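*Asks:* Okay, handing you the structure first.
The values are calculated or read from the model by the stated rules, or taken from the named source; none is laboratory data. Everything numeric here is computed off the predicted structure, so don't read it as measured data. Every residue, glycine as well, gets a Cβ built from its backbone with ideal geometry; the counts of neighbours run over all protein chains shown.
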Amino acid sequence: MKVSIRKIRKKEEEQVIIECVEITSQIRDIHSYCMTKGMELSGLSGGQHMQRFPLEDVYYFEAVDEKVFAYTGKQVYEMKMRLYEAEHAYGENHFVRCSKSVVLNLMLLDSISPALNGRFFAHMKNGEKLMISRQYAQKIKQIVMGEEENET
């Protein structure tokens with residue numbers, strides 16, 4: 001694969017162009033990474049301070065008692081959205097539902113291991129372990145193993 005970088009004069013003109021013969025899972029990963037880089041979210045930190053933080057730092061979103069929280073390596077932020085909204089808004093950025101209450105960032109997934117009754121554990125790069133329910137296990141395994149159907 002050929003990679004080139006060209007310097008331009010104005011930040012507004014920055015862009016990434018991916019030219020490929022076929023749209024593979026690797027090409028989708030590169031696209032997703034580029035789309036996520038620089039995207040920022042806003043959330044309440046400590047229950048009172050609104051702060052901005054990069055989407056790429058979010059390990060997972062979790063719904064607890066009608067509230068949604070974004071978990072980064074350093075902080076937990078209360079979000080002003082529903083879990084399904086996070087799933088749909090960031091699905092193209094490698095965020096995928098793994099249980100009724102969690103949407104995880106596949107880019108920060110370290111490994112997957114079996115649990116009981118057809119469930120799995122998602123081991124995140126920060127050491128946390130999240131449960132992948134049976135309902136979502138097959139889809140996540142397919143994505144991780146690169147067995148997604150190619151879009152043409």
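*Asks:* For segment 116-142, give me each residue that is under 17 Å from the mean Cα position of the chain (by Cα) and in a helix (DSSP H, G or I). First the steps, then the outcome.
*Replies:* The initial filter retains those residues of segment 116-142 that are under 17 Å from the mean Cα position of the chain (by Cα), namely 121-132, 136-137, 139-142.
Residues satisfying the conditions are Y136, A137, K139, I140, K141, Q142.
*Asks:* Being within 14 Å of the chain's Cα centre (by Cα), surrounded by 10 or more Cβ atoms within 10 Å (Cβ to Cβ) and either farther than 27 Å from R134 by Cβ or without any contact (Cβ under 8 Å) to a residue 40 or more places away in the chain (or both) is true for just one of C34, C20. Which residue is that?
*Replies:* Numbers: C20 fails: within 14 Å of the chain's Cα centre (by Cα).
Unique residue meeting the criteria: C34.
*Asks:* Just name the residue that is surrounded by the most Cβ atoms within 10 Å (Cβ to Cβ) out of those in segment 40-75 that are modelled with pLDDT of 95 or more and of a type in the set (G, A, S).
*Replies:* A70
*Asks:* What are the residues in segment 1-39 that are in contact with a strand residue (DSSP E or B) (Cβ under 9 Å, 6 or more places away or on another chain) and not in a loop (DSSP other than H, G, I, E, B), if any?
*Replies:* Step one: filter segment 1-39 for residues in contact with a strand residue (DSSP E or B) (Cβ under 9 Å, 6 or more places away or on another chain), giving 36-39.
Within segment 1-39, T36 is the sole residue that qualifies.
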